[in-house]
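Colleague: Sharing a structure, written as C-alpha cells. Questions coming.
The values are calculated or read from the model by the stated rules, or taken from the named source; none is laboratory data. Note that this is a predicted model, so its numbers are computed, not measured. In this analysis, Cβ positions are derived from the backbone assuming ideal geometry, glycine residues included, and neighbour counts consider all displayed protein chains. Note: accessible area is taken over every heavy atom of the protein model, side chains too, but ligands, DNA and RNA are not part of it. Shrake-Rupley method; radii C 1.70, N 1.55, O 1.52, S 1.80 Å.
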Amino acid sequence: MRNLLSYWDSKVAHLQRLPSRADLQPDEMVPFLPFVALINVQKTTPRFQFRLVGTGIVGAMGREATNRNVDEALFGANAPNVETFFSMPLGNHGPAYASGQYTVAPSGRTLAFETLLLPLSSDGAVIDMLLGGLVGERVQRDEQICGFQYDSFSPLMQTAAP
C-alpha cells in the first residue's frame, strides 16, 4: 500500500493536480499492479463500480468483481459501510485507508486485509474514478467469503493539490 500511495503522491506532485486514469502508467506500477483496482464513481448517490480488479485482489477475495457495483459485489449487508469508505476520497480529495477482516465458509476462518483508495480526476478537479489497492490473506479454493467487516477506516491526513 505504501508503494501505491507513493506512486499516487508522485503523480500529484508532478502534475500539481489530481491525476487522471490516463496519467497512470502500468509499466510504472508493475510491483503492485496485481493488487490494484480502478473504480468508477457514478455521479448519482454516489455509486461505485469496479472497472478493473487486479489478479492479486481477485485471488485474495476468491471472486471476480470487475464491472460490478459495490452494492452488488461481495460485501452483502456491509455495502453501506463500504460505500461510506469509498466516499471519503470524494470529500477530502485525498487518500483513505481501511483495515478489516473477512470470514470464509465453510471453515469460519477470519482473514485480515488492508485497503487504500486514491482519487482520480479526468479534469483535475471532479473525482470520477478511484485508484484502489488491497492486500489480504488469500481465500482458499474451497472457501467463499461469507462475512466482511472493517476494523477501522479513515481519510489520510494528506490531500492533493487543488
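Colleague: If you go through the range 91-111, how many residues are open to solvent by 50 Å² or more (accessible area, probe 1.4 Å) and part of a loop (DSSP other than H, G, I, E, B)?
Modeller: Looking only at that region, the number is 4.
Colleague: Ok, one more. Does Val12 qualify as being β-branched (Val, Ile, Thr), open to solvent by less than 60 Å² (accessible area, probe 1.4 Å), under 20 Å from Ala96 (Cα atoms) and assigned to a helix (DSSP H, G or I)?
Modeller: Answer is yes for this residue.
Colleague: Can you name the number of the only condition in (1) open to solvent by 40 Å² or more (accessible area, probe 1.4 Å); (2) closer than 16 Å to Leu134 by Cα; (3) at pLDDT below 90 that Arg51 fails?
Modeller: (3)
Colleague: Could you run through the range 55-86 and say how many residues are within 17 Å of Phe113 (Cα to Cα), polar (S, T, N, Q) and modelled with pLDDT of 80 or more?
Modeller: Of the residues in that region, 2 qualify.
Colleague: Another question, then. Answer yes or no as to whether Glu64 is under 16 Å from Arg138 (Cβ atoms) and loosely packed, with under 15 Cβ neighbours inside 10 Å.
Modeller: Values: under 16 Å from Arg138 (Cβ atoms): yes; loosely packed, with under 15 Cβ neighbours inside 10 Å: yes.
Criteria met by Glu64.
Colleague: Go through Ser87, Ser107 for me and flag whichever is out of contact with any strand residue (DSSP E or B) (no Cβ under 9 Å at 6 or more places or on another chain), touching a residue at least 12 places away in the same chain (Cβ under 8 Å) and more than 20 Å from Ala22 (Cα to Cα).
Modeller: Ser107 is the lone residue from the list that is out of contact with any strand residue (DSSP E or B) (no Cβ under 9 Å at 6 or more places or on another chain), touching a residue at least 12 places away in the same chain (Cβ under 8 Å) and more than 20 Å from Ala22 (Cα to Cα).
Colleague: Are any residues in the range 79-90 open to solvent by 40 Å² or more (accessible area, probe 1.4 Å) and under 14 Å from Ser121 (Cβ atoms), and if so, which ones?
Modeller: Leu90
Colleague: Is at least one residue of the range 67-77 assigned to a strand (DSSP E or B) and either open to solvent by less than 50 Å² (accessible area, probe 1.4 Å) or of a type outside the set (A, V, I, L, M, F, W, C) (or both)? Even if it seems obvious, please write down each step before you answer.
Modeller: If we filter the range 67-77 for residues that are assigned to a strand (DSSP E or B), which is where we start, we get 69.
With the extra rule that they be either open to solvent by less than 50 Å² (accessible area, probe 1.4 Å) or of a type outside the set (A, V, I, L, M, F, W, C) (or both), the set shrinks to 69.
Yes, the range 67-77 contains a residue that is assigned to a strand (DSSP E or B) and either open to solvent by less than 50 Å² (accessible area, probe 1.4 Å) or of a type outside the set (A, V, I, L, M, F, W, C) (or both).
Colleague: Hey, another quick one. From the list Leu4, Leu24, exactly one residue is in contact (Cβ under 8 Å) with a residue 40 or more places away in the chain, among the aliphatic types (A, V, I, L, M), surrounded by 17 or more Cβ atoms within 10 Å (Cβ to Cβ) and under 17 Å from Glu114 (Cβ atoms). Which is it?
Modeller: Leu4 is the lone residue from the list that is in contact (Cβ under 8 Å) with a residue 40 or more places away in the chain, among the aliphatic types (A, V, I, L, M), surrounded by 17 or more Cβ atoms within 10 Å (Cβ to Cβ) and under 17 Å from Glu114 (Cβ atoms).
Colleague: In addition: Any residue at all in the range 23-44 that's under 14 Å from Leu130 (Cα atoms), basic (Lys, Arg) and not in a loop (DSSP other than H, G, I, E, B)?
Modeller: Among the residues of the range 23-44, not one is under 14 Å from Leu130 (Cα atoms), basic (Lys, Arg) and not in a loop (DSSP other than H, G, I, E, B), which makes the answer no.
Colleague: Which of the residues that make up the range 134-160 are assigned to a loop (DSSP other than H, G, I, E, B) and either charged (D, E, K, R) or open to solvent by 30 Å² or more (accessible area, probe 1.4 Å) (or both)?
Modeller: Step one: list which residues in the range 134-160 are assigned to a loop (DSSP other than H, G, I, E, B), which gives 137-143, 156-160.
Glu137, Arg138, Gln140, Arg141, Asp142, Glu143, Leu156, Met157, Gln158, Thr159, listed by residue number.
Colleague: Within the bounds of the range 112-133, is there any residue that is at pLDDT below 85, more than 21 Å from Arg21 (Cβ to Cβ), surrounded by fewer than 14 Cβ atoms within 10 Å (Cβ to Cβ) and not charged (D, E, K, R)?
Modeller: No: the range 112-133 contains no residue that is at pLDDT below 85, more than 21 Å from Arg21 (Cβ to Cβ), surrounded by fewer than 14 Cβ atoms within 10 Å (Cβ to Cβ) and not charged (D, E, K, R).
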